[in-house]
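Worksheet: one structure, shown below.
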Amino acid sequence: MKTIDFISLGCSKNLVDSEMLMGLMEANGYHCTHDSDDPQGEIVVVNTCGFIADAKEESINTILEFAQAKTEGRIERLYVMGCLSERYLADLEQEIPEVDGWYGKFNYKELLKALPSPTKGRDVKIPASAASCSQTSPPLEGLGEAFRHLTTPRHYAYIKISEGCDRHCAYCAIPLITGRHQSRPMDEILDEVRHLVKGGTKEFQIIAQELTYYGVDIDGQQHIAELVSRMADIEGVEWIRLHYAYPTHFPWELLDVIRERKNVCKYLDIALQHISDPMLSRMRRHVTKEETYELVKRMRREVPGIHLRTTLMVGFPGETDEDFRELVEFTKWARFERMGAFAYSEEDGTWSAEHYEDDVPEEVKQARLDKLMRVQQHISAEIEAAKIGQTLKTIIDRREGDYYVGRTEFCSPEVDPEVLIPATEQVEIGQFYDVRITDAEEFDLYGTTL
């Protein structure tokens with residue numbers, strides 16, 4: 001049996017693509033591993049990210065590492081898929097000839113046809129739902145019941161509800177890579193959730209480039225609230241957590257669902273990027289400072305206790321000291337429970353690359369980024385310390401050394417604070433417990449089960 005090692009880079013949406021392709025390969029008789037420390041398979045597939053400069057550099061370095069392994073005879077074949085090859089295919093083919101095949105964001109299932117037979121006399125078969133892939137018709141069919149190999153712990157999974165984005169923010173290359181927004185059929189998504197529940201999945205991270213746009217391409221209406229509500233009706237769904245909302249034309253009925261449904265986490269990931277009107281305008285965000293302040297106020301008013309995660313950007317072309325001061329003051333006022341930030345990097349083909357000069361010096365970008373994160377570090381420490389003495393429902397993800405590591409409803413995997421519970425306690429991975437918080441650090445909690 002041929003072994004195929006998958007290396008997934010970038011976001012959780014990429015991870016879902018890897019999981020689907022792994023499932024298809026295993027259905028055809030291959031054995032797949034994922035992100036192993038020392039890949040030993042005859043074949044390696046690298047799923048790349050092409051979003052920003054750092055991600056592209058990581059992808060290229062990973063490809064070169066395995067190209068060297070192939071040259072040295074440590075692997076037989078090397079294939080590359082994902083966002084980087086979708087965007088830079090011609091250049092990559094010329095620069096890295098050691099790669100046996102390049103596949104983009106939408107035709108990666110064609111890779112099955114290029115693979116050697118897993119066993120003698122056995123033909124590789126691609127299901128009809130997986131055979132048709134193009135940039136205008138992403139391969140969203142079949143993501144659920146028949147062809148998916150979870151790489152996450154069995155108790156949680158990512159559910160991709162759409163592909164692409166219609167927003168066209170000035171700095172963002174995602175629409176250039178993924179094309180226009182395309183929603184998956186609602187019944188298909190719900191069937192996927194039901195299937196995963198049967199396999200033991202309890203927690204669902206709902207992901208998309210822009211989930212609040214869900215359904216608009218189908219009938220002109222936003223259906224994210226309906227989708228989440230119907231998902232919450234499925235028996236066995238314990239937690240639903242929402243990622244990557246957009247502030248413009250936010251569907252207010254979604255807040256009702258978050259507030260009223262017990263298994264929808266009081267958590268929302270909504271990237272705001274900036275607050276000053278000049279920056280929001282230049283970024284083509286189609287929202288104002290006043291509207292953004294009101295958005296945050298209303299979310300906190302309508303969903304008491306909600307934890308907001310956001311992403312902010314510093315150093316966008318034309319950002320002045322005053323613009324940055326407004327951003328710092330907004331961060332202090334909003335007191336986001338979760339916040340990430342990054343410095344602007346110019347991306348080929350984007351509006352800002354073609355229309356603006358990248359005029360903020362790198363050292364200024366870094367200084368602003370450091371200051372903003374220091375502010376957030378202090379806010380995060382206060383917010384987490386306020387949880388001491390509270391009892392929070394917690395799911396156990398894994399054991400590390402002297403602790404079991406879990407998360408509350410306010411914590412998404414990989415990116416948010418975790419709850420550390422002494423390994424001497426009797427708990428099981430994948431189960432929920434009531435945990436009393438006994439101590440806190442800036443980005444972690446400590447607790448004991450009740």
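The values are calculated or read from the model by the stated rules, or taken from the named source; none is laboratory data. Given the structure is predicted, the values throughout are model-derived calculations rather than measurements. Virtual Cβ from ideal backbone geometry, glycine too; neighbours counted across all protein chains shown. The area values use the complete protein model at the heavy-atom level, side chains included, leaving out ligands, DNA and RNA. Shrake-Rupley method; radii C 1.70, N 1.55, O 1.52, S 1.80 Å.
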Given the conditions (1) within 30 Å of Glu329 (Cβ to Cβ); (2) open to solvent by 10 Å² or more (accessible area, probe 1.4 Å), every one holds for Ala245 apart from (2)
Within region 356-390, which residues are assigned to a helix (DSSP H, G or I) and either open to solvent by 80 Å² or more (accessible area, probe 1.4 Å) or charged (D, E, K, R) (or both)? Glu362, Glu363, Lys365, Gln366, Arg368, Asp370, Lys371, Arg374, His378, Glu382, Glu384
Among the residues of region 270-294, write down those that are open to solvent by 10 Å² or more (accessible area, probe 1.4 Å) and in contact (Cβ under 8 Å) with a residue 24 or more places away in the chain. Ala271, Gln273, Pro278, Arg282, Arg284, His286, Val287, Lys289, Glu291, Tyr293
Residues satisfying the stated conditions in region 151-173, i.e. farther than 20 Å from Phe6 by Cβ, open to solvent by less than 10 Å² (accessible area, probe 1.4 Å) and of a type in the set (A, V, I, L, M, F, W, C): Ile161, Ala170, Ala173
Which listed residue, of Ile96, Ile52, is modelled with pLDDT of 85 or more and β-branched (Val, Ile, Thr): Ile96
Quickly run through region 51-81 and pick out the residues that are touching an Asp or Glu at 6+ places or on another chain (Cβ under 7 Å) and open to solvent by less than 20 Å² (accessible area, probe 1.4 Å). Ala67, Ile75, Leu78, Tyr79
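Residues in region 322-334: is at least one open to solvent by 40 Å² or more (accessible area, probe 1.4 Å), touching a helix residue (DSSP H, G or I) at 6+ places or on another chain (Cβ under 7 Å), closer than 22 Å to Tyr213 by Cα and among the charged types (D, E, K, R)?
no
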Of the residues Glu302, Glu290, which is among the acidic types (Asp, Glu) and out of contact with any helix residue (DSSP H, G or I) (no Cβ under 7 Å at 6 or more places or on another chain)? Glu290
Picking from Ser276, Ser345, Ser281, the residue that is touching a helix residue (DSSP H, G or I) at 6+ places or on another chain (Cβ under 7 Å), farther than 17 Å from Ala173 by Cα and among the hydroxyl-bearing types (Ser, Thr, Tyr) would be Ser276
Considering only region 391-406, I want to know if a residue exists there that is assigned to a helix (DSSP H, G or I) and open to solvent by 30 Å² or more (accessible area, probe 1.4 Å). no
